[in-house]
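See structure below.
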Amino acid sequence: MVYSRNRPLPDSRPTHTTPRTTALVTDASPEIMALRALDTEAIPALHARYLVELYRYAAYRTGDPQLAEDLASEVLVRLLEAVRVGKGPATSLRGWLMGTASHLVNDHYRRAYGRPTEVLTENLRSDAPEVSAQAEQNERQADVRRALLRLTPEQQHVLSLRFGSGLSLEETALRMDRSANAIKALQFRALAGLRRELEARQT
Amino acid sequence: MNDRLYDAFEVCRLALETGVPLDASVRLYPELADELTAPLEAWQAASLLATGLSDIPAERIQRSRTRLLETAAQLRRTTRRRTIAVRGFSRLALAALSLLLFVVLGWGGLATASAQALPGDSLYRVKRVDENLRLGLSAPSKRSDLETEYSERRSEEVRALLELGREHEIEFTGVVRSQTGEIWDVNGVRVVVGSEAEVDAGLFPGVTVEVEGSTDATGTVLASEIHLAAYTWEGTVEAIGLQAWTVSGRVLTVDRASAIAPGIRLGDRVLVLIDVLSGSAHARSIIYLGPKGPDPEPSPSPTNEWEFEGRVQAIGAQVWIVAGQTLLIVPESELDGTLHVGDAARVKAQTTAQGRVLALKITREDGGNEDAELEGGSDGDSSPEPEDTPESSEGSPPTAGDGGSGEDSSEDPEVQDEDTFTGEVTAISGSTWTIDGRQVVVDQETEIEGDPGVGDTVRVDARLVDGSWWAEKIEKR
């Protein structure tokens, strides 16, 4: 084991963790200040505003409603804990929330599988009335999710923001601190990869 | 070319979403049809996973909301403990007052002058404001020490008020040492618990409580409220979760602040230091005791704080042995970092209801006896004799780095707060990674390169905060 001591660490955090955009500064700052003060109105408002988006994101990536609920709740809890000690979002509150959700999902899969290879059988249920059609859809969803899990975390993230959270290209670009063109390219590569994985499973 | 392809994809995707069949959509760009078909089919497939996502059951929303509000209440309560409530002052007013006092009188001198102030004195508020400012400005790694110091200061103030026979409202936190009818001993303070006092059920000697009440002229605190603040719980790990553990039937919430020994598995025996926050049990630390075994019968004897002197025989991350006594090291343990094996030390310890001995404070004993002779406790009759608990010293998990810490302590008396090391990832549990036997916390600000997983060799830059190592960067090698 290489073991060195007192190596100076960089004064600032990695730049990729600090979104470049300042578009949401004025929107998020009062909200964060209220959260830091544990304002009794700001906290329920935070929950009402972001839970659904976080839940949908996590549910899309995991396919497990219970887990999605836990992860979405954990993201909001971590935000409260972070802002209380002066950490948390520097600019974009929503970007921080979605980034944290992505990390938690990645952690979940690392913990569960080391490398994701299988999918839990518990999938989201639709309201399809016919059981056979429901079963077929569940099977298809399971195939797609297995393929999704073979993508890189970043590719999973972009598809989950687009489909799970229902964000536009521009909104996704803001959340990921990228340009819209970069998101187009990332999304295209993600879909091409997904297609390859689906084909590999069919052969 | 690629930009045109991506733009074409967006157009075809929009067409697809408005009901245009896939083959008709790609005919909008016949020259790109081959390249567009596969990703558009993947788009359709990916959209399948969004089916049903909008249906979030109301009970899930409510449950999540309740949890968040409970966390907020917990944080408020923690804040209330940590900081001094300067009632009637806004932050702005407080800042203005602080600045004014600093400029006109010199804050340092004023704070010094207020150091001996007691509740009811004109300078007492200055004293509390000074503490609050110091807490706010302290480094995270020092904050816990300050909180402990100020908590002890509250008890000392109460004792001083009682000696002077002054009447005033007070609140302090301490360990229940004895209960005799309505008379309790809390941190050496005599507390009368009348029938009108609001007291949590099931309190017993050994637990830590918050006391609110008032001093009177007869040298007694008349309690108005007594609430459980902290206690220990020993048992078997029955469930390990991201947000909660179950230990011998007790559900304990955990978070990033919880200090959890690495390598604990289902069925292991653990000792948990529990904070009671908003009525729920929160694990401040979970200490590994050993592999699966029968639940011990709780000792009927009260727990106590006691002191002794002796030679340091072993220094580990979770366990020290002094004068033959095995001491469990907990986050609150105040340790002299200059001590080495063989040094004479003075130990302040606490015995739990299950007979475990926690180290509260270990300091150098100058001119100590050559023999590791034990002394009785400072509190007289109820101080127990130290007893051998070999299972504790043997029970430390091999990955806890006991030897390493001991070695470090002997090699380098300086307290390290930054470190870089390389090793194998042996476990990833939530936000806690075990790397080369060491536990580091990973959060959203940790820079992770190369997507490392269990079994990979990584290089870690870490920083010590509040007794835990936080990973600044993890790089796969």
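The values are calculated or read from the model by the stated rules, or taken from the named source; none is laboratory data. Since this is a predicted model, take the numbers as computed values, not measurements. When we count neighbours, we look across all protein chains shown, and the Cβ atoms used for this are built from the backbone with ideal geometry, even at glycine. The protein model used for the area step is the full one, side chains on, heavy atoms only, and it has no ligands, DNA or RNA in it. Shrake-Rupley method; radii C 1.70, N 1.55, O 1.52, S 1.80 Å.
Numerical summary
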item: Among the candidates B:VAL237, B:VAL251, residue that is in a strand (DSSP E or B), open to solvent by 40 Å² or more (accessible area, probe 1.4 Å), without any contact (Cβ under 8 Å) to a residue 60 or more places away in the chain and under 30 Å from A:LEU76 (Cβ atoms); result: B:VAL251
item: Residues of the range B:119-173 classified as within 14 Å of chain A (Cβ to nearest Cβ) and exposed (fewer than 15 other Cβ atoms within 10 Å of the Cβ), total; result: 5
item: Residues satisfying the stated conditions in the range B:188-204, i.e. open to solvent by less than 60 Å² (accessible area, probe 1.4 Å) and in contact with a Phe, Trp or Tyr (Cβ under 9 Å, 6 or more places away or on another chain); result: B:VAL189, B:VAL191, B:VAL192, B:VAL193, B:LEU203
item: Residue check, A:ARG140 closer than 21 Å to A:ALA101 by Cβ and of a type in the set (Lys, Arg); result: no
item: In the range B:27-49, residue nearest to the chain's Cα centre (by Cα) [restricted to those that are in a helix (DSSP H, G or I) and away from chain A (no Cβ under 14 Å)]; result: B:ALA33
item: Residue, farthest from B:ASP185 (Cα to Cα), within the range B:205-234, restricted to residues that are of a type in the set (Val, Ile, Thr) and open to solvent by 30 Å² or more (accessible area, probe 1.4 Å); result: B:THR232
item: Test: residue in the range B:22-31 that is more than 24 Å from B:ALA8 (Cβ to Cβ) and among the polar types (S, T, N, Q); result: no
item: Residues that are free of Cβ contacts under 8 Å to residues at least 40 places away in the same chain and among the aliphatic types (A, V, I, L, M), drawn from the range A:143-158; result: A:VAL158
item: Check on B:VAL126, assigned to a helix (DSSP H, G or I) and either β-branched (Val, Ile, Thr) or modelled with pLDDT of 85 or more (or both); result: yes
item: The lone exception for A:ALA135 - which of (1) out of contact with any helix residue (DSSP H, G or I) (no Cβ under 6 Å at 6 or more places or on another chain); (2) modelled with pLDDT of 80 or more; (3) more than 8 Å from chain B (Cβ to nearest Cβ); (4) over 26 Å from B:GLN62 (Cβ atoms) it fails; result: (2)
item: Residues of the range B:189-209 classified as touching a residue at least 40 places away in the same chain (Cβ under 8 Å) and closer than 18 Å to B:VAL158 by Cβ, total; result: 0
item: In the range A:52-68, the residues that are part of a helix (DSSP H, G or I) and either hydroxyl-bearing (Ser, Thr, Tyr) or open to solvent by 10 Å² or more (accessible area, probe 1.4 Å) (or both); result: A:VAL52, A:GLU53, A:TYR55, A:ARG56, A:TYR57, A:TYR60, A:THR62, A:PRO65, A:GLN66, A:LEU67
item: Test: residue in the range B:136-158 that is touching a residue at least 40 places away in the same chain (Cβ under 8 Å) and over 30 Å from A:ARG84 (Cα atoms); result: yes
item: Positions within the range B:174-187 being of a type in the set (D, E, K, R) and open to solvent by less than 50 Å² (accessible area, probe 1.4 Å), in sequence order; result: B:ASP185
item: Residue in the range A:137-152 that is surrounded by the most Cβ atoms within 10 Å (Cβ to Cβ), counting only those that are of a type in the set (Lys, Arg) and in a helix (DSSP H, G or I); result: A:ARG145
item: In the range A:153-162, the residues that are surrounded by fewer than 22 Cβ atoms within 10 Å (Cβ to Cβ) and at the interface with chain B (Cβ under 8 Å from one of its Cβ atoms); result: A:PRO153
item: Of all residues in the range B:271-285 being modelled with pLDDT under 85 and within 16 Å of B:LEU328 (Cβ to Cβ), the one that is surrounded by the fewest Cβ atoms within 10 Å (Cβ to Cβ); result: B:ARG284
item: Cross-chain or 6+ apart pairs with Cβ under 9 Å, the range B:1-16 first and within 12 Å of B:TYR29 (Cβ to Cβ), then at pLDDT 85 or above and of a type in the set (Asp, Glu); result: B:LEU5/B:GLU35; B:ALA8/B:GLU35; B:PHE9/B:GLU35
item: Filter result for the condition that a residue is over 30 Å from B:THR434 (Cβ atoms) and in a loop (DSSP other than H, G, I, E, B), over B:GLY219, B:GLY213, B:GLY267; result: B:GLY219
item: When residues of the range A:83-107 are limited to those that are more than 8 Å from chain B (Cβ to nearest Cβ) and of a type in the set (A, V, I, L, M), the one most open to solvent (accessible area, probe 1.4 Å); result: A:ALA90
item: Inter-residue pairs, beta-carbon under 8 Å, first facing another protein chain (nearest Cβ under 9 Å) and at positive phi and in the range A:38-62, second part of a helix (DSSP H, G or I) and of a type in the set (D, E, K, R), 6+ apart; result: A:LEU38/A:ARG84; A:LEU38/B:ARG76
item: For B:LEU32: the one exception among (1) open to solvent by 30 Å² or more (accessible area, probe 1.4 Å); (2) more than 17 Å from A:LEU151 (Cα to Cα); result: (1)
